[in-house]
Protein chains: 2
Amino acid sequence: MWVSPNGRPLYTRAEVAEHATPEKRIWVTYGDGVYDVTDFVAIHPGGERIMLAAGRAVDPFWAVFSVHGTPETRELIEQYRIGDLVPRESDPSAAEMDSRGTGLEMLFANEPERHPSLRVRAARPCNAEAAPESLLPYVTPNELFFVRNHLPVPVIDADTFELAVEGPGIPDDFRVSVTDLKTKFPPTSVMVTLQCAGNRRAEMHAVKPVKGLQWESGAVSNAVWTGVRLRDLLAAAGYTLPDLSSAELPDGVAHVHFDGAEGYGASIPAEKALDPRGDVLIAYEMNGEPIPRDHGFPLRAVVPGHVAARSVKWLSRIALSDDESPSHWQQRDYKGFSPSATLETSDYSRAQSIQELPVQSAIVFPRPGDAVVPDKDGCVPVRGYAVSGGGRAIYRVDVSPDGGKSWIDADIVRAPDQPYGRHWAWTQWEARVPVAAAISASLSPSAAAGSSAASDAEPVGKITLVCKAVDSSYNSQPETFEGIYNVRGVLVGAWSRVPVQVKPPSEGTASGTQQHQQQHQQQHPPQR
Amino acid sequence: MWVSPNGRPLYTRAEVAEHATPEKRIWVTYGDGVYDVTDFVAIHPGGERIMLAAGRAVDPFWAVFSVHGTPETRELIEQYRIGDLVPRESDPSAAEMDSRGTGLEMLFANEPERHPSLRVRAARPCNAEAAPESLLPYVTPNELFFVRNHLPVPVIDADTFELAVEGPGIPDDFRVSVTDLKTKFPPTSVMVTLQCAGNRRAEMHAVKPVKGLQWESGAVSNAVWTGVRLRDLLAAAGYTLPDLSSAELPDGVAHVHFDGAEGYGASIPAEKALDPRGDVLIAYEMNGEPIPRDHGFPLRAVVPGHVAARSVKWLSRIALSDDESPSHWQQRDYKGFSPSATLETSDYSRAQSIQELPVQSAIVFPRPGDAVVPDKDGCVPVRGYAVSGGGRAIYRVDVSPDGGKSWIDADIVRAPDQPYGRHWAWTQWEARVPVAAAISASLSPSAAAGSSAASDAEPVGKITLVCKAVDSSYNSQPETFEGIYNVRGVLVGAWSRVPVQVKPPSEGTASGTQQHQQQHQQQHPPQR
């Protein structure tokens, strides 16, 4: 037997591959290490999935299951180390990973089909944002709704699936079937916009690099969710709903955990979960259809006004607890940090979980770099969305043709029948923005220098369109990304800035921007 | 009789003064006009107060009662015009206003005594902010609490005072005495920070002029309020509390009006008023004492998380309604506008009333222009407050020694026992800010030029301290006042910037800043 310079036995990948069953012991590799994890399989938090790596490298799995990316995980696996890979086989990038492939394709063998318009930011697990055109219908069609999966999509038989509910007063083995949820409770429908914590991250990344999926402004969508009020389910399960006017909730109910069947988990404050005006649902329908597999079939928590990361898909367990969810994603992800915190200095135990989201808005059309053609009044149409957390309405959207020097009020459109403090659905807006003055300003000496660098023929001028929203607490968006910079690139709510080229009307009217506007202008709901 | 060039009769102030009783008709002047308002007295919205101006000028009263500052009011009075003042007597500024004075002193004959530390921004009615030192105790002593009065302080006999309550199901003549409130309902105490919509207006004004009282950062204070839950009072009065989980409130209860005995009025959304977690009080005590006259004796509405303008003092009437309060201050004041709106173009019918306030923070010490002396580690202490609306907690306060290039987390202090979503009391914070790097930066050529302009001996450097807060919805403050500029100067929540001079330790340790820090450091509540 060969040994490495540090005295550990050396193995080839072929030798490791022979150890893939409990009888022969279960070996895996990680980096240049070889590990016998036979005794760990039974206590692996991710369960049986570890067997997918039996006899081969765990590296590609860990790249997908980001929960492993901690010093603690690395310390843990070192306890099982039995040797090293021979040097020529220890480069993880060279190992795709052995002749049988990485094994990852087995994890993702059951992904649903997806609409080709979705803009994929990561293929496995699927993370794909809504195309700009898909942000124009007020209610996003299911197949165009952004997809943000942390793990492979699980295969679930709704006929036999059961949701576990745990908490004070609830019998230990309480389970509820999908059929029971549909037939034994009054159905409630709520229109809720879900937004990823990292929506617009690419814009922050362009200012200073951040870690995470490069979302543009399409990691947000809006749907009507139908299901059972969480309050009602908890009461039916045996939990006694507390008097919400008292200063403290009873012991054991500070947080409500949601666990997904695929391994994801999160929690929300119990006050939100139990609030009769909180509208937290255990949903089984999305826009009148069974929830699609990518969005949580058969059951999904829907937590209006909170970051989408708390609306857990493939919901398999609800638990009341004194503490937040122990899940990696609750404890070590989805928190905000100061601009000066680095990946190394971010103190997750001190920072607070993201729950309600801050005020946000984005210009959807025109797109950055588009050529726009003013109408006879010198105006161009600008469209976008705005949304805030915590049920706060959007009170105003300001749109500027000149980078923020002057502003006009946009016309705003939102779903009717949203009670005060329960504006869970986004606002769409449109403004006819006068660009004439902005063009004049752009022809000042400094701006003209930039204009002359354009390659298109005869640009009339370059301008920067800006939008910013104000919510019903009169919170406003910060001007720039620098002040809200955080190394994970979450909570990306700075002013939306879109540089465009203004062209003379004689160059025709078939610009992409105008096509988008015409195509979708009928899709607003009727009420202002 | 003389006549003016436009054919109207001319009168002297002496002639007008003869008409001050119903028998002789009641005349007033406004500008150069003479008006016979005898028939208007009975329908004057301000009631008998109009008689204070009988026989003299209304100009000084209208300057105080800003409700008159509308085109509608001017149209109204013109209907009663009977003539003009003789030209030599028509200058309102020359007329203080006749030999009997303006009459205003009678309105303000019963003002309470006030603590000399209060910083008066307007004397009549009294508008005075808390001194910086008064912002350091976590609970503001009553006599140091900022005063914002819209009208003279009324004289009220608590023994005979009654509060009217009106709404569906409530008997027409329902009244409740102060004694009944104190003895027939369970007392509830809530710690609530009240902040004026115009707090920090002077900082915005310095960037671009705005209209309003020149508040610095002391139009905010914190007290424990004791009284009766509005919910409980409405139920006791006969109103049936609605099911809050339903999508709509019953007819007639979209807003709750509060009218003050002095003439002020405002309203809040019924959802807030009726929310068991909203903690809206009809308060009769402030920090364990009867509410002082300046703060609403004997009864005051306290609306936690909302702009202080909705916490109506000298509360004399509560009414449920489909509409917002018709009060001038609800309809034509306390609304937010775009940076491009002017006094002329501000459309009050389109803009939304300010209710919940946005996230706010301010540096209290050091003061602008102070000299600060670093400790042996090169740090200086910086202290201030942060507060958000809607019950949102403060999650983080970032403090910068270099104008916003680098940031450190401040240590934050807040009252214990504030449930999730009910953080009605402010957060105080303190940071030891490393100024060494900032000093080096300030000695770069451009900054050094500024430094040399200082008159004090041997300044080590000039730096700008900055703070900004993040609330529990991760809303953050905007960087500058330009983007949130509004001509009334409300909602002034940009980063707090305080320029200071850093001096070498050899210049002694008795700086004002250090004295303040030592004097007040024992006054924090125990919990972080």
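Computed from the coordinates by the stated procedures, all read-outs in this text should not be read as laboratory data. The shown structure was predicted, so the numbers you read here are calculated from the model rather than taken from an experiment. When we count neighbours, we look across all protein chains shown, and the Cβ atoms used for this are built from the backbone with ideal geometry, even at glycine.
Is the shape of segment A:117-175 best called rounded, prolate or oblate, per the rule: a/c under 1.5 gives rounded, else a/b larger than b/c gives prolate, else oblate, with a ≥ b ≥ c the square roots of the Cα gyration tensor eigenvalues? In terms of gyration-tensor shape, prolate. Each label point was placed 7 Å from the Cα along the Cα-to-Cβ direction; for B:W2 and B:E248 their separation is 6.4 nm.
Note on segment B:13-134: the C-alpha convex hull projects to 9.0 nm² when averaged across all orientations. Three principal axis extents describe the C-alpha atoms of the protein assembly as shown; from largest down they are 124, 72, 69 Å. For the listed residue pairs A:K208/A:K272; A:K272/B:K272; A:K272/B:K405, the alpha carbons are over 27 angstrom apart in A:K208/A:K272; A:K272/B:K405.
Beta bridges from DSSP with both residues in chain A: antiparallel share about 90 percent, rounded to the nearest 5. The relative contact order of chain B comes to 12 percent, based on Cα pairs under 8 Å that sit 6 or more residues apart.
Amide H contacts for A:S316 (H built 1.01 Å from N in the peptide plane; partners 5 or more residues away or on another chain; cut-off under 5 Å): A:D259, A:G260, A:A261. With its label point put 7 Å out from Cα toward Cβ, A:P112 sits 6.3 nm from the same residue's point in the other copies, in order from shortest. Net charge dipole, chain A: roughly 1200 debye, given to the nearest 20, about the Cα centre with Cβ charges of +1 for Lys and Arg and -1 for Asp and Glu.
One decimal place: the segment A:D180-A:L343 gains 54.1 nm when fully extended, by the rule 0.36 nm per residue minus the C-alpha distance. Here is how the number arises for the protein assembly as shown: DSSP H runs of 4 or more residues each give -39500 (n - 2.57), the sum is divided by the residue count, and the result at 222 nm is -3500 deg cm²/dmol.
For B:K184, the aspartates and glutamates whose Cα comes closer than 13 Å to its Cα, not counting residues fewer than 8 places off in the same chain, are B:D232.
Look at the dipole of chain B built from charges on Cβ: of B:P401, B:V302, B:C467, the Cα furthest out on the positive end belongs to B:P401.
The residues neighbouring B:E129, those whose beta-carbon lies less than 11 Å from its own, together hold a net charge of +4 under the Lys/Arg +1, Asp/Glu -1 convention. The ratio of the alpha-carbon radius of gyration of segment A:317-394 to the globular-protein estimate 2.2 N^0.38 Å is 1.76.
Global size of segment B:119-331: 17.2, 53 Å for Rg and Dmax (C-alpha atoms, Rg to one decimal, Dmax whole). In this label model, A:V120 and B:E105 are separated by 8.5 nm, measuring between points 7 Å along each Cα→Cβ vector. Remark: segment A:185-284 is approximated by an ellipsoid whose semi-axes, taken from the C-alpha gyration tensor as √(5λ), come to 32, 17, 13 Å, largest first. As a calculated quantity, the FRET efficiency between B:I43 and A:D377 at R0 = 56 Å, using C-beta atoms, amounts to about 0.75.
For segment A:28-49, the residues whose backbone nitrogen is under 15 Å from a point 7 Å from the Cα of A:E72, taken along Cα to Cβ, are A:44-46.
For segment A:144-174, the residues whose amide N sits under 12 Å from a probe point set 7 Å from the Cα of A:E289 along the beta carbon direction are A:144-145. Answer with one residue from A:P132, A:Y334, A:P154: the one whose Cα lies farthest towards the positive end of the charge dipole of chain A, charges on Cβ with Lys, Arg +1 and Asp, Glu -1. Farthest towards the positive end: A:P132.
Counted by Cβ distance under 14 Å from A:R201, the other residues give a net charge of +3, where Lys and Arg count +1 and Asp and Glu count -1. Taking the number of Cβ atoms within 10 Å of each Cβ as an exposure proxy, the fewest-first ranking of B:W424, A:W62 is A:W62, B:W424.
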